[in-house]
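The values are calculated or read from the model by the stated rules, or taken from the named source; none is laboratory data. Since this is a predicted model, take the numbers as computed values, not measurements. Ideal geometry is used to build each Cβ from the backbone, glycine not excepted, and the neighbour counts take in all protein chains shown. Calculation scope for accessible area: heavy atoms of the full protein, side chains included, ligands and nucleic acids excluded. Shrake-Rupley method; radii C 1.70, N 1.55, O 1.52, S 1.80 Å.
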Protein chains: 2
Amino acid sequence: MMKKYITCTNQVQRWGIFEIALEGNRGGNPFTDYTIQGEFCGKNEHKTVEGFYDGDGVYKVRFMPSFEGTYTFQISGSYAQDPEYHGTFEVTPAEEGNHGPVRVANQYHFAYEDGTPYYSIGTTCYVWALQTEELQEQTLETLKNSAFNKIRFCIFPKHYDYNLNEPYSYPYEGTPVDSSVLTRDNFMAYNGCPKGNDWDYTRFRPEHFAHLEKRIQDLMELGIEADLIVMHPYDRWGFSMMSKEEDDLYWNYVIARFCAYRNVWWSLANEYDLMPQKSLEDWERYASILCEKDVYGHLRSIHNCHKMYDFTRPWITHCSIQRTDPYLSGERVTEWRERYQKPVVLDEIVYEGNIELNWGNIPGEEMNRRFWEAAVRGGYPGHGETYLSKDHLLWWSHGGVLKGSSPKRFAFLLQILKETPGPGLVQMHPSAKVHMATREDLCATVDSLLPVPYYLYYYGFRCSAFKEYYFDDEKEYEVEVLDTWDMTITKCGTFRGKFQVPLPGKQFIAVRIFEKGLL
Amino acid sequence: MMKKYITCTNQVQRWGIFEIALEGNRGGNPFTDYTIQGEFCGKNEHKTVEGFYDGDGVYKVRFMPSFEGTYTFQISGSYAQDPEYHGTFEVTPAEEGNHGPVRVANQYHFAYEDGTPYYSIGTTCYVWALQTEELQEQTLETLKNSAFNKIRFCIFPKHYDYNLNEPYSYPYEGTPVDSSVLTRDNFMAYNGCPKGNDWDYTRFRPEHFAHLEKRIQDLMELGIEADLIVMHPYDRWGFSMMSKEEDDLYWNYVIARFCAYRNVWWSLANEYDLMPQKSLEDWERYASILCEKDVYGHLRSIHNCHKMYDFTRPWITHCSIQRTDPYLSGERVTEWRERYQKPVVLDEIVYEGNIELNWGNIPGEEMNRRFWEAAVRGGYPGHGETYLSKDHLLWWSHGGVLKGSSPKRFAFLLQILKETPGPGLVQMHPSAKVHMATREDLCATVDSLLPVPYYLYYYGFRCSAFKEYYFDDEKEYEVEVLDTWDMTITKCGTFRGKFQVPLPGKQFIAVRIFEKGLL
């Protein structure tokens, strides 16, 4: 049989999405009974990816090319009586703002695939994409005007305190439990409970996933990474209680649909350790599916509640940490870097807010302090917000508008991070600073093998009226005092040898010192 | 030879000082060549104490009676040709404000000997008593108007950054190093260095000690415990470098002079681990002298810099801790209580101030937060202050006036502690609160074997807009919201069963809940 030649969009930018949609079988269960795959071949890569059934008799295959130039492709599978197609397309240079997927760079840090450093400033809005359209648009508008460049959110709807409403859509065919009886007092009784639900876990609702894709695309256009939480325990529908086969079908479907989006990160689960129904073998199996089927190698991690996953596992690209101590979070980055030998992303360090629960009630000052404590140790802090208000919308769950005082300060931090003369920061080891007057202070420098004369001190709650510095007798140093709360940079001039710098004697001050002309 | 009968002040209050002064030998070295001791006998105690040479041919013996009633005494020794005296005196009831020496009570807490609970709120002014008379009087006036009921200070003068001036007096006969050449930059070169000093370590200057006694007495009259630091490393005179024999002579002299003051506590050293010239055997030897010669068993501890002394040693009555972590201090009280099984006093948790050194630059809010974190875990926090100002007086070293914002808040904490319906607080173990909605919150209760329906929650930097509580279904509870910064108590009424309490949504809030009528 001759393969048919099809003409599609014949141009796509590097790290864009090339998509083929084909008619196919409607009979039986198209989600389980048939296959479709594509083979893509350019000068520098040759990849086979699985497609998916998108409903209405349409099967799709998506591909993200990582190089410029001419590609050929072939489609095959059991999805149609006459399934085989081939064709070519042209990959053009990445457009402005498209730097490719984020990768681990320099062991503890990140960069886009084009080499541009990426300094993660994350936030969490678990089910922002499953709220009303109006609220979703508002969230995007808020994100557009923020410093956030990563957002964590769920594929499944979420059943949890302060978030008992019906989601925008459901991922499966069927009917949900009647939620009219839900109250804050009884919601836990419904957790993980499939009673009252009637789902066909073998039939996805493509609209649910297509909608999430639109939101991933929206985020991409804002330059924001979509850290997708694939599984989670906050569930009144039974999605957290599916069988191995159902889980695997879900994973395959999710990967086939989402992995061509360059801004996707994979979070296997939120608080995996609150899902006793899943074993370590299960998590490792999902990971192996992901490693096999996501041919682009997007970033992968898994988020804990009380007990961190073993982040040294080879499939894990970076730590996705929830702090486990009521007081310390960012302060422990150096310890975690040493233990896990990977980038340390702090996805939950208690949220700014005023709810009664102790993971959601720190003030903006403390949130911003935790951000800086993490950042100057070469870690990547994450935000969330849980303010009670008349609209009953908590950013952490619903998105909407930000009510806290910390987010606007993150733009200042991000600016400072982007000015790092290298791929990222690392805490200077006190013993490395034997000649320095301030050897007991928290100081970051450039995380590189060769020392770079760049020092970023962060003083947190300390209110010194001055500090003394001494690096060497030769170089001339520029000194700036940064107020991380008021977001000001005060240039103090240049110094040589041992020198004193007057400070404002208040909290949340940083000092940036670098060889003259370095920045 | 007949013993002579002498008439002295023939009345002394319980825990007051009964003192006998006798003429004796002036020849040779009266500090080392002769002895004097007194034997005191009342209905309930029989004690022998050593006296001391007070200069000008006068020898003294002091005694603190612990019981009321008639006492007899006998003086003996080699101090005079005809040394033996006897007599009687009457011990009257303790006067108002005199509760006796402070003792360990209920394992982790303190009480005066008359049973009145003592909740230690300490401060540190290392050499306040060796400044000008005017400044000393000012310090006493400041203390009088403060909540402090313990002050740590040194017997020896102190040589340290921000404190390079000559002391009020010296403890030995001789001449000190010329201090006119001292600068902040070179002061460390003089540390522990006897060069340029000329002292006779066998001849005390009694005026130095008599002056300190006056200050101990002044503190006693203010109801303040004198936590005497007997040795320390900050020294340009050589007092930290004496021989074993010289050290022992010093210890014996100090004990003979000071131990009859009921408000004395013994701190063997400040930062003992910064004195490598003293071995563990030395510290244990000093302790054995103290245990033998201080017949009243005043409280005894030893203060660390980096490495805590083994506070489980039997001679140590309580921990005297310097925090060893840049972030956590009071938060670790429960751990220390469990490890050392003794009262936990936190004598240094970083000082409120604005100096460049990281042990002296936290703001008042953080100091007060640390106080509360310690106190609600049943620990006893201590203060110090290091604000730079034109007068060059730092409370931590010199005394004077307080410039910080935390001290006046301690009066509020002390009030709350004094209202504890029992001997002290203990952190409730989360597992003890299975029925409580707020089981993850930091909560203190009364430290007693039988549970007392008294709960003191402290929320630190957490800004909840409300909290939910649930103890039982039967009892009626009174609820008060405490603002530990604004020092207000807001009564919220009485509640039963599960109930919500609105909170102001700001930092530094505590909630006190107790069975109706308990307080």
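Answer with yes or no whether A:Lys498 is buried (at least 17 other Cβ atoms within 10 Å of the Cβ) and within 14 Å of another protein chain (Cβ to nearest Cβ).
Criteria not met by A:Lys498.
For region B:346-396, which positions are surrounded by fewer than 24 Cβ atoms within 10 Å (Cβ to Cβ) and aromatic (Phe, Trp, Tyr)?
Passing the criteria: B:Trp359, B:Tyr387.
Can you pull out every residue in region B:128-161 that is open to solvent by 20 Å² or more (accessible area, probe 1.4 Å) and either free of Cβ contacts under 8 Å to residues at least 60 places away in the same chain or in contact with a Ser or Thr (Cβ under 6 Å, 6 or more places away or on another chain) (or both)?
Within region B:128-161, B:Thr132, B:Glu133, B:Glu134, B:Glu137, B:Glu141, B:Asn145 meet the criteria.
I want to confirm something. Restricting to region B:504-518 and keeping residues that are assigned to a loop (DSSP other than H, G, I, E, B) and among the charged types (D, E, K, R), which single residue is nearest to the other protein chains (Cβ to nearest Cβ)?
Residue satisfying both the conditions and the ranking: B:Lys506.
Starting from region B:101-127, keep only residues that are on the phi > 0 side of the Ramachandran plot, then list their pairs with residues that are crowded, with 18+ Cβ neighbours inside 10 Å whose Cβ atoms are within a distance under 7 Å, requiring at least 6 positions of separation or different chains.
Here the result reads B:Asn106/B:Pro423; B:Asn106/B:Gly424; B:Asn106/B:Asp447, each pair linking region B:101-127 to a residue that is crowded, with 18+ Cβ neighbours inside 10 Å.
Pick from B:Glu440, B:Glu474: which is within 14 Å of chain A (Cβ to nearest Cβ), without any contact (Cβ under 8 Å) to a residue 24 or more places away in the chain, open to solvent by 20 Å² or more (accessible area, probe 1.4 Å) and part of a loop (DSSP other than H, G, I, E, B)?
The match here is B:Glu440.
With open to solvent by less than 60 Å² (accessible area, probe 1.4 Å), over 16 Å from A:Ala129 (Cα atoms) and of a type in the set (Val, Ile, Thr) as the only criterion, which of A:Ile224, A:Ile216, A:Ile255 stands out?
The match here is A:Ile255.
Could you count how many residues in region B:453-470 are within 11 Å of another protein chain (Cβ to nearest Cβ) and part of a strand (DSSP E or B)?
4
What is the number of the single condition among (1) assigned to a strand (DSSP E or B); (2) out of contact with any Leu (no Cβ under 9 Å at 6 or more places or on another chain) that B:Ser66 does not meet?
All conditions are met except number (1).
Taking B:Asn29 and the conditions (1) touching a residue at least 12 places away in the same chain (Cβ under 8 Å); (2) farther than 28 Å from B:Pro101 by Cβ; (3) open to solvent by 40 Å² or more (accessible area, probe 1.4 Å), which numbered condition does it fall short on, given that it satisfies the others?
So B:Asn29 meets the others, but not (3).
Looking at (1) touching a strand residue (DSSP E or B) at 6+ places or on another chain (Cβ under 7 Å); (2) under 30 Å from B:Asn165 (Cα atoms); (3) within 14 Å of chain A (Cβ to nearest Cβ); (4) not basic (Lys, Arg), which is the one condition that is false for B:Ser405?
The single condition B:Ser405 does not satisfy is (1).
State all residues of region A:301-319 that are touching a residue at least 60 places away in the same chain (Cβ under 8 Å) and open to solvent by less than 20 Å² (accessible area, probe 1.4 Å); if no residue qualifies, say none.
Within region A:301-319, A:His303, A:His318 meet the criteria.
Given the structure, is A:Leu280 more than 14 Å from every other protein chain (Cβ to nearest Cβ), open to solvent by less than 20 Å² (accessible area, probe 1.4 Å) and over 20 Å from A:Phe410 (Cβ atoms)? Working first, answer last.
On the way: more than 14 Å from every other protein chain (Cβ to nearest Cβ): yes; open to solvent by less than 20 Å² (accessible area, probe 1.4 Å): no; over 20 Å from A:Phe410 (Cβ atoms): yes.
Here the answer is no, as A:Leu280 does not meet what is asked.
Can we say A:Trp396 is among the aromatic types (Phe, Trp, Tyr), under 26 Å from A:Phe156 (Cα atoms) and in contact with an Asp or Glu (Cβ under 6 Å, 6 or more places away or on another chain)?
Details: among the aromatic types (Phe, Trp, Tyr): yes; under 26 Å from A:Phe156 (Cα atoms): yes; in contact with an Asp or Glu (Cβ under 6 Å, 6 or more places away or on another chain): yes.
Criteria met by A:Trp396.
Name the pairs whose Cβ atoms lie under 7 Å apart, with the first residue in region B:271-291 and of a type in the set (S, T, N, Q), the second open to solvent by 50 Å² or more (accessible area, probe 1.4 Å), and 6 or more positions between them or separate chains?
B:Gln277/B:Met241
Within region A:259-303, restricting attention to residues that are of a type in the set (Gly, Ala, Ser) and not in a loop (DSSP other than H, G, I, E, B), which residue is nearest to the chain's Cα centre (by Cα)?
A:Ser267
Among the residues of region B:51-79, which ones are among the aromatic types (Phe, Trp, Tyr) and either closer than 18 Å to B:Glu23 by Cα or crowded, with 21+ Cβ neighbours inside 10 Å (or both)?
Listed by number, the residues that qualify are B:Phe52, B:Tyr53, B:Tyr59, B:Phe63, B:Tyr71, B:Phe73, B:Tyr79.
Examine region A:479-492 for a residue that is assigned to a loop (DSSP other than H, G, I, E, B), within 14 Å of another protein chain (Cβ to nearest Cβ) and surrounded by fewer than 22 Cβ atoms within 10 Å (Cβ to Cβ), and state whether such a residue exists.
Within region A:479-492, one or more residues are assigned to a loop (DSSP other than H, G, I, E, B), within 14 Å of another protein chain (Cβ to nearest Cβ) and surrounded by fewer than 22 Cβ atoms within 10 Å (Cβ to Cβ).
Which condition number does A:Lys418 fail, the rest of (1) closer than 30 Å to B:Phe461 by Cβ; (2) away from chain B (no Cβ under 13 Å); (3) touching a residue at least 40 places away in the same chain (Cβ under 8 Å); (4) open to solvent by less than 20 Å² (accessible area, probe 1.4 Å) being met?
If we test A:Lys418 against (1) closer than 30 Å to B:Phe461 by Cβ; (2) away from chain B (no Cβ under 13 Å); (3) touching a residue at least 40 places away in the same chain (Cβ under 8 Å); (4) open to solvent by less than 20 Å² (accessible area, probe 1.4 Å), just (4) comes out false.
Applying the selection to region B:347-383, what residues are within 12 Å of another protein chain (Cβ to nearest Cβ), within 20 Å of B:Lys506 (Cβ to Cβ) and outside any strand (DSSP E or B)?
B:Pro363, B:Gly364, B:Glu365, B:Glu366, B:Met367, B:Arg369, B:Arg370, B:Glu373
Find all pairs meeting these conditions: Cβ atoms under 9 angstrom apart; at least six residues apart or on different chains; first residue within region A:445-456 and over 18 Å from A:Asp472 (Cα atoms); second residue modelled with pLDDT of 95 or more and open to solvent by 20 Å² or more (accessible area, probe 1.4 Å).
The qualifying pairs are A:Asp447/A:Asn106; A:Asp447/A:Gln107; A:Asp447/A:Tyr108; A:Asp447/A:Val426; A:Ser448/A:Asn106; A:Ser448/A:Val426.
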